[in-house]
Amino acid sequence: MSRIASVLLPMPLPEAFDYAEPEGLELAVGDHVAVPLGPRVIRGVVMALRDGTGGNRPLKVIQGRVDDPPLPPGVLAFVEWAARYSVDLPGFPLAMALRGLRHPPPKPDKVLVLTGTQPARVTPARLKVLAAAEGVALSSAALASAAGVSAGVVKGLVDEGVLAVDFVEPDRGLPQPDLSLPPRDLNPGQAACVEVMKEMLGAGGFQAALLDGVTGSGKTEVYLEAVAAALQDPEAQVLILLPEIALTQAVLARFEQRFAARPAEWHSGVSPPRRRQVWETVASGNARIVVGARSALFLPFKKLRLIVVDEEHDSSFKQEEGFIYQARDLAVARAKIEGASVLLASATPSLESLFNAQAGRYRWLRLSARHGAAQLPDIGLVDMRETPPEPGRWLSPPLIKAMAVTLHRGEQAMLFLNRRGYAPLVLCKACGEKMKSPDSDSWLVEHRYTGRLVCHLTGFSMKKPEACPHCGAKDSLVSIGPGVERVEEEARYLFPDARVAVFSSDTVMDAEAAKALVATMVAGEIDILVATQAAAKGHNFPNLTLVGVVDADLSLRGGDLRAGERTFQLLAQAAGRAGRHEKPGRALLQTYSPDHAVMQALKAQDRDAFIEAEMGMRQDAGLPPFGRLAAVIASGPDGAALEAYVEALAAVIPNAEGVEVFGPADAPLATVRGRRRKRFLVRAERNVDLQGFMAAWRARAKVPNSVRVVIDIDPYSFL
Ligand SMILES: [Zn+2]
């Protein structure tokens, strides 16, 4: 009797489809197969096999097996778990798990080898080729170059049959970490954390810990030693997740120093052929250490023993487009499925992780003492109402004075502003019109480097017009507010002799550029670095002693759940840039609300006071981590159809204990790319099966073709 295979396809389908296993194929769970779907043939993955007849659809026969490494059971379970968690279709997380296979496998290398046939005629040039070819397999060009002869000499020997063409698999190995190297010297606090990690790894099974240590306390050394301990098992693999590509180079270098081998890298900057290679070496177990972005969670690890989520509080772990997920939460789930340990590391942990640590669900590893001689920076508030900048400028007299003193000492300053471009808003002084993206409700941001107005939401851009598109007035468009480019302009004006550079995603496009800029800063070739949050994390600048936060109120104005938390995290990290080494650092925060709890907590460097206040607020409001949130975002170009759908959805909200639904309401960004947007917000008590509620609710209303519905569990964006 033939078997039935449940095959999941990396496509927007509601479930895995049943297919018949052809005679003699002997499939296994995790195998890649080619299956017919309508007129097409699609690659899918076998999720389950069973004996019997009859499937969830008329059975078609599997066409064949695709010869790629099978997906391990842990990945299959993780794909199913992630789809359920995100209330989304399982084909999306599967597509992420298969991403490394999009590029075809590398072709075998064409090489030349000696056949043993003696040449008919011996010349000095031919002898050189014979000597160079002894015992190796080189390409024709490499052999000619190694022998120092022309290509014609090599070709003559091939024609005579002295050399023959052969094909070899390209080298797909990775250098293996050297585990015999001595660990770095640890201070007692670090050593205690490493001991706990060793205990957790030794105990086996799922274990979670929060590594909570101020900036510069040496968290990286702790997790490097945890990695070393995990790798004592000769088959173990570890994954280090980072929020940004800009950080990977620094972390890779640390691993290279510690283990004399570069870890495998996985992020959007890795080329497709290289991705395929990394995917395969992870599947074979040969990649022992992987450093990557959030999507690395979907790699086919054979024996994953430890996941480290560095900068675990960082909001870029939340993927907001396509398949929506929070990589920190999924990392914990993957560790659970694999029976592995997970270590969440941060100087400013998320309230969610602190909540879990306080409740005893995570081991809480606290690092308080700074490693080495570094001191915490002194944090001061500049009251912008008392000492405002000159009109049309953004740096206050106290900050300018501190910069002058710093530069005079030959030290470096960083000006921090989490806003790209030149000005966040351009308006017409004749008619008051604000320049907006033509198909969105977001303001256009002026970029002076490119002379364009850019929508940071959709990527739309246009040349800055000479006349107002609304009233036609000439030269009437004025730039409102500062972006990093404008602060750079002011810094150059104030300190004409200083070397000024900008670190933002517009000036530092990839990991290589980030590495180059960081090296320039470390070498002391920059005096003033103007930076967005791209530079607020991870990097060590020994001669940086002053951080000026241009607009400390910026995130507080965002008006979303995590605004206060994010402000605290960003400012604490930006301030922590200063004086990480021997020189004492200083941070000055420009604010119009010096009395705000966040500002006061920062000034006092009292994280506990801030957390207590923030936790109390969230608890009173039943917000995460005390309650759970989910958003429904419905959008479509047809306003009437959208309206009808959200009304229908509102009419069929399931009755459930401990769940409240707010909406429908126009989304704050009511139009994006010509699509109108409506939102619901769902708040549930912690013990409610929120995913089950959302899935049941969505199934009750038919979605018109023109409407797109997105469910966002634990939303970070409220736009
Ligand atoms: Zn106008």
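The values are calculated or read from the model by the stated rules, or taken from the named source; none is laboratory data. A quick note: this is a predicted structure, and the numbers were derived from the prediction, not measured. Heads up, the Cβs are rebuilt from the backbone with ideal geometry, glycines too, and the neighbour counts pull from every protein chain shown. Surface areas here come from the heavy atoms of the whole protein model, side chains and all, with no ligands, DNA or RNA. Shrake-Rupley method; radii C 1.70, N 1.55, O 1.52, S 1.80 Å.
One residue alone among Gly205, Gly152 is open to solvent by 30 Å² or more (accessible area, probe 1.4 Å), of a type outside the set (A, V, I, L, M, F, W, C) and part of a helix (DSSP H, G or I), and that residue is Gly152. Taking the conditions exactly as written (among the basic types (Lys, Arg) and within 30 Å of Lys303 (Cβ to Cβ)), does Arg40 satisfy them or not? Against the criterion (among the basic types (Lys, Arg) and within 30 Å of Lys303 (Cβ to Cβ)), Arg40 does not qualify. Taking the criterion of being of a type outside the set (Lys, Arg) and more than 8 Å from the ligand (Cβ to nearest atom), the residues of segment 428-440 that qualify are Met435, Ser437, Pro438, Asp439, Ser440. Taking every residue in segment 648-671 that is closer than 30 Å to Ser442 by Cα and open to solvent by less than 30 Å² (accessible area, probe 1.4 Å) and pairing it with any residue that is part of a helix (DSSP H, G or I) and among the aromatic types (Phe, Trp, Tyr), at least 6 positions away or on another chain, the pairs with Cβ-Cβ distances below 9 Å are Leu649/Trp697. Of everything listed in (1) of a type in the set (Asp, Glu); (2) away from the ligand (no atom under 14 Å from the Cβ); (3) surrounded by fewer than 17 Cβ atoms within 10 Å (Cβ to Cβ), the single unmet condition for Asp475 is (2).
Conditions tested, residue by residue: (1) farther than 24 Å from Leu186 by Cβ; (2) in contact with a helix residue (DSSP H, G or I) (Cβ under 7 Å, 6 or more places away or on another chain); (3) part of a helix (DSSP H, G or I).
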| site | (1), (2), (3) |
| --- | --- |
| Ala261 | no, no, no |
| Gln277 | yes, no, yes |
| Glu321 | yes, no, no |
| Phe355 | yes, no, yes |
| Arg361 | yes, no, no |
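Answer yes or no as to whether Gly392 is open to solvent by 10 Å² or more (accessible area, probe 1.4 Å), within 16 Å of the ligand (Cβ to nearest atom) and free of Cβ contacts under 8 Å to residues at least 60 places away in the same chain. Here the answer is no, as Gly392 does not meet what is asked.
Annotation note: Cβ proximity below 7 Å between a residue of segment 82-101 that is assigned to a helix (DSSP H, G or I) and a residue that is charged (D, E, K, R) (sequence gap 6+ or interchain) occurs for Gly100/Arg275; Gly100/Arg276; Leu101/Asp68; Leu101/Arg276. Looking across Arg679, Arg700, one residue alone is open to solvent by 40 Å² or more (accessible area, probe 1.4 Å), within 22 Å of Leu89 (Cβ to Cβ) and not assigned by TED's automatic domain parsing to the domain that holds Ala327. It is Arg700.
Conditions tested, residue by residue: (1) closer than 21 Å to Phe541 by Cβ; (2) within 16 Å of the ligand (Cβ to nearest atom); (3) not in a loop (DSSP other than H, G, I, E, B).
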site: Pro482; (1), (2), (3): no, no, no
site: Arg486; (1), (2), (3): no, no, yes
site: Tyr493; (1), (2), (3): no, no, yes
site: Ala501; (1), (2), (3): yes, no, yes
site: Val508; (1), (2), (3): yes, no, no
site: Glu512; (1), (2), (3): yes, no, yes
site: Ala516; (1), (2), (3): yes, no, yes
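When segment 31-42 is limited to residues that are surrounded by fewer than 17 Cβ atoms within 10 Å (Cβ to Cβ) and not hydrophobic (A, V, I, L, M, F, W, C), the one that is farthest from Leu76 (Cα to Cα) turns out to be Pro39. Kindly indicate whether Leu174 is over 30 Å from Arg361 (Cβ atoms), modelled with pLDDT under 90 and outside the structural domain of Glu235 (by TED's automatic domain parsing). Yes, satisfied. For beta carbons closer than 8 Å, sequence separation of 6+ or different chains, a first residue in segment 192-204 that is over 13 Å from Val342 (Cα atoms) and a second that is open to solvent by 40 Å² or more (accessible area, probe 1.4 Å) and at pLDDT below 95, the qualifying pairs are Val194/Leu186.
One residue stands out among those in segment 580-625 that are touching a Phe, Trp or Tyr at 6+ places or on another chain (Cβ under 8 Å) and in a loop (DSSP other than H, G, I, E, B): the one that is surrounded by the most Cβ atoms within 10 Å (Cβ to Cβ), which is Arg580.
The residue that is farthest from the ligand (Cβ to nearest atom), counting only those in segment 461-472 that are touching a strand residue (DSSP E or B) at 6+ places or on another chain (Cβ under 8 Å) and without any contact (Cβ under 8 Å) to a residue 40 or more places away in the chain, is Ser461.
Among the residues that make up segment 224-234, is at least one of them crowded, with 22+ Cβ neighbours inside 10 Å and within 25 Å of Ala531 (Cβ to Cβ)? No, that holds for no residue. Report, by residue number, each residue of segment 375-400 that is under 37 Å from the mean Cα position of the chain (by Cα) and of a type in the set (S, T, N, Q). Those that are under 37 Å from the mean Cα position of the chain (by Cα) and of a type in the set (S, T, N, Q): Gln375, Ser396. Selection of segment 114-155 for residues being touching an Asp or Glu at 6+ places or on another chain (Cβ under 7 Å) and farther than 16 Å from Asp166 by Cα yields Pro119, Ala120. The single condition among (1) farther than 20 Å from Thr671 by Cβ; (2) under 32 Å from the mean Cα position of the chain (by Cα); (3) open to solvent by 70 Å² or more (accessible area, probe 1.4 Å) that Asn418 does not satisfy is (3). Could you tell me which residue of segment 102-116 is most open to solvent (accessible area, probe 1.4 Å), considering only residues that are within 30 Å of Ala132 (Cβ to Cβ) and outside any strand (DSSP E or B)? Checked segment 102-116; the qualifying residue most open to solvent (accessible area, probe 1.4 Å) is Lys107.
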